[in-house]
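The values are calculated or read from the model by the stated rules, or taken from the named source; none is laboratory data. Only a predicted model underlies this, so the values are computations on that prediction, with no experimental measurement involved. Here Cβ is always computed from backbone atoms with ideal geometry, including for glycine, and neighbour counts include all displayed protein chains.
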Amino acid sequence: MLNPDRVYMLAADHRWQWEEFCDARSIPRTRITDVKRLALDAFLIARDTLPGVRAFGALLIDQQYASAIIADALTAGVTVGTPAEKAGAFPLAWSADPFSDALTGAFVKVLVRYRPDDEERIREGQWAKLDALQAWCRSAGKPLVIEVLVPRRQEAEDEFEASGRPAMLAGFIGDAYRRGLTPAFWKIEGTRAPDGARTIDAAIAQVPACRQILLGKAADLGTIAGWFAAAAASTTAVGFAIGRSVFWEPSAAFLSGTTTAEQARADICANFVRLVEAWDTR
């Protein structure tokens with residue numbers, strides 16, 4: 001089960017990104033399963049390398065391309081979560097109906113895209129879906145992780161990253177709490193701005209049991225380390241859930257035939273270990 005005090009999550013539930021990659025290169029989509037296997041193998045190596053990963057590590061991976069891999073991970077004692085959302089969908093839609101067909105792990109993640117200026121029917125429809133998912137998770141005894149992506153539109157980038165997005169995230173979290181939506185973890189976009197990090201932290205802390213983990217957005221390690229540093233004073237930030245920054249380049253090289261599976265696993269493991277160390281030394 002996810003530890004409320006520390007989470008090192010390798011997020012490998014990407015689907016539409018790999019579909020686009022494979023389609024553009026005439027690589028069969030069946031090969032996507034191979035990169036999911038690389039993610040599990042690299043995670044297991046990291047678990048054997050660092051006691052912290054053994055204690056606090058988790059793997060997020062999808063049923064669509066990785067059903068057999070999920071089973072192997074669970075057998076190996078890995079804390080595994082599965083995504084509820086249909087990949088790339090907006091408004092929020094489900095990857096499978098009933099939920100039990102897709103949500104075979106020990107915890108559940110759902111990604112929702114949000115802007116306060118979206119049409120009311122879109123916002124209300126997504127709230128209703130999140131309410132239904134939370135009810136199912138509670139009945140199934142599976143912690144819920146809500147990932148919130150707030151896209152930038154006409155705003156200036158620097159101001160949006162420092163204060164605009166944190167304010168919108170805080171507003172979404174406050175609305176969720178007023179609705180009774182209280183996930184075990186919020187999966188949140190990081191900011192380098194300490195004031196922005198405090199805004200998000202204060203919003204999440206309104207429900208003391210809720211925690212936040214930072215996502216990666218395919219950023220480089222230096223950028224991510226800046227997000228980690230800004231969140232260092234947060235009372236709710238307990239770790240990360242990062243994927244493409246860890247596995248994309250090694251996995252893409254493997255699919256393209258420019259590196260071996262062994263080298264790709266080693267590179268993914270090394271990237272993941274560097275993130276763990278960056279979190280621990282922030």
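Identify, please: which residue in the range 10-44 is in a helix (DSSP H, G or I) and polar (S, T, N, Q) and is, among those, nearest to GLY88 (Cα to Cα)?
GLN17
Of these, ARG115, ARG121, which one is in a helix (DSSP H, G or I), at pLDDT 95 or above and either of a type in the set (Gly, Ala, Ser) or closer than 26 Å to ARG152 by Cβ (or both)?
Testing whether each residue is in a helix (DSSP H, G or I), at pLDDT 95 or above and either of a type in the set (Gly, Ala, Ser) or closer than 26 Å to ARG152 by Cβ (or both) leaves just ARG121.
One line per residue, one yes/no per condition, for (1) in contact with a helix residue (DSSP H, G or I) (Cβ under 9 Å, 6 or more places away or on another chain); (2) under 27 Å from GLN212 (Cβ atoms):
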{"site": "ALA68", "(1), (2)": "yes, no"}
{"site": "LEU74", "(1), (2)": "no, yes"}
{"site": "GLY81", "(1), (2)": "no, yes"}
{"site": "GLY88", "(1), (2)": "yes, yes"}
{"site": "TRP94", "(1), (2)": "yes, yes"}
{"site": "SER100", "(1), (2)": "yes, no"}
{"site": "VAL108", "(1), (2)": "yes, yes"}
{"site": "PRO116", "(1), (2)": "yes, yes"}
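Please go through the range 56-93 and pick out each residue that is touching a residue at least 60 places away in the same chain (Cβ under 8 Å), of a type in the set (A, V, I, L, M, F, W, C) and either under 20 Å from ASP131 (Cα atoms) or surrounded by fewer than 22 Cβ atoms within 10 Å (Cβ to Cβ) (or both).
PHE56, ALA87
When the range 196-221 is examined, which residues are found to be in contact with a Gly (Cβ under 9 Å, 6 or more places away or on another chain) and assigned to a loop (DSSP other than H, G, I, E, B)?
Matches in the range 196-221: GLN206, LEU215, GLY216, LYS217, ALA218, ALA219.
What are the residues in the range 243-271 that are surrounded by fewer than 22 Cβ atoms within 10 Å (Cβ to Cβ) and among the aliphatic types (A, V, I, L, M), if any?
Listed by number, the residues that qualify are ALA252, ALA253, LEU255, ALA261, ALA266, ALA270.
Yes/no per residue for (1) touching a strand residue (DSSP E or B) at 6+ places or on another chain (Cβ under 9 Å); (2) within 23 Å of ALA237 (Cα to Cα):
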{"position": "ASP5", "(1), (2)": "yes, yes"}
{"position": "GLU19", "(1), (2)": "no, no"}
{"position": "VAL35", "(1), (2)": "yes, no"}
{"position": "ALA68", "(1), (2)": "no, no"}
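A quick yes/no check of all residues on (1) touching a residue at least 60 places away in the same chain (Cβ under 8 Å); (2) in a strand (DSSP E or B); (3) not hydrophobic (A, V, I, L, M, F, W, C):
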| position | (1), (2), (3) |
| --- | --- |
| GLY239 | yes, yes, yes |
| ALA252 | yes, no, no |
| GLN263 | no, no, yes |
| CYS269 | yes, no, no |
| LEU275 | yes, no, no |
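Looking at the range 37-53 only, could you name the residues that are closer than 16 Å to GLY243 by Cα, in contact (Cβ under 8 Å) with a residue 60 or more places away in the chain and touching a strand residue (DSSP E or B) at 6+ places or on another chain (Cβ under 8 Å)?
Those that are closer than 16 Å to GLY243 by Cα, in contact (Cβ under 8 Å) with a residue 60 or more places away in the chain and touching a strand residue (DSSP E or B) at 6+ places or on another chain (Cβ under 8 Å): ALA39, ALA42, PHE43, ALA46, VAL53.
Within the range 128-160, track down each residue that is surrounded by 18 or more Cβ atoms within 10 Å (Cβ to Cβ) and either without any contact (Cβ under 8 Å) to a residue 24 or more places away in the chain or among the aliphatic types (A, V, I, L, M) (or both).
Across the range 128-160, the qualifying residues are LEU130, LEU133, LEU144, VAL145, ILE146, VAL148, VAL150, PHE160.
Going residue by residue through the range 19-32, is there one that turns out to be surrounded by fewer than 24 Cβ atoms within 10 Å (Cβ to Cβ), in contact (Cβ under 8 Å) with a residue 40 or more places away in the chain and aliphatic (A, V, I, L, M)?
Looking for residues that are surrounded by fewer than 24 Cβ atoms within 10 Å (Cβ to Cβ), in contact (Cβ under 8 Å) with a residue 40 or more places away in the chain and aliphatic (A, V, I, L, M), one finds at least one in the range 19-32, hence yes.
With the requirement that a residue be among the aliphatic types (A, V, I, L, M), within 19 Å of the chain's Cα centre (by Cα) and farther than 16 Å from TRP18 by Cβ, what does the range 233-269 give you?
ALA237, VAL238, ALA241, ILE242
Which numbered condition trips up VAL7, out of (1) surrounded by fewer than 19 Cβ atoms within 10 Å (Cβ to Cβ); (2) of a type outside the set (Asp, Glu); (3) closer than 26 Å to ALA270 by Cβ?
Answer for VAL7: the failing condition is (1).
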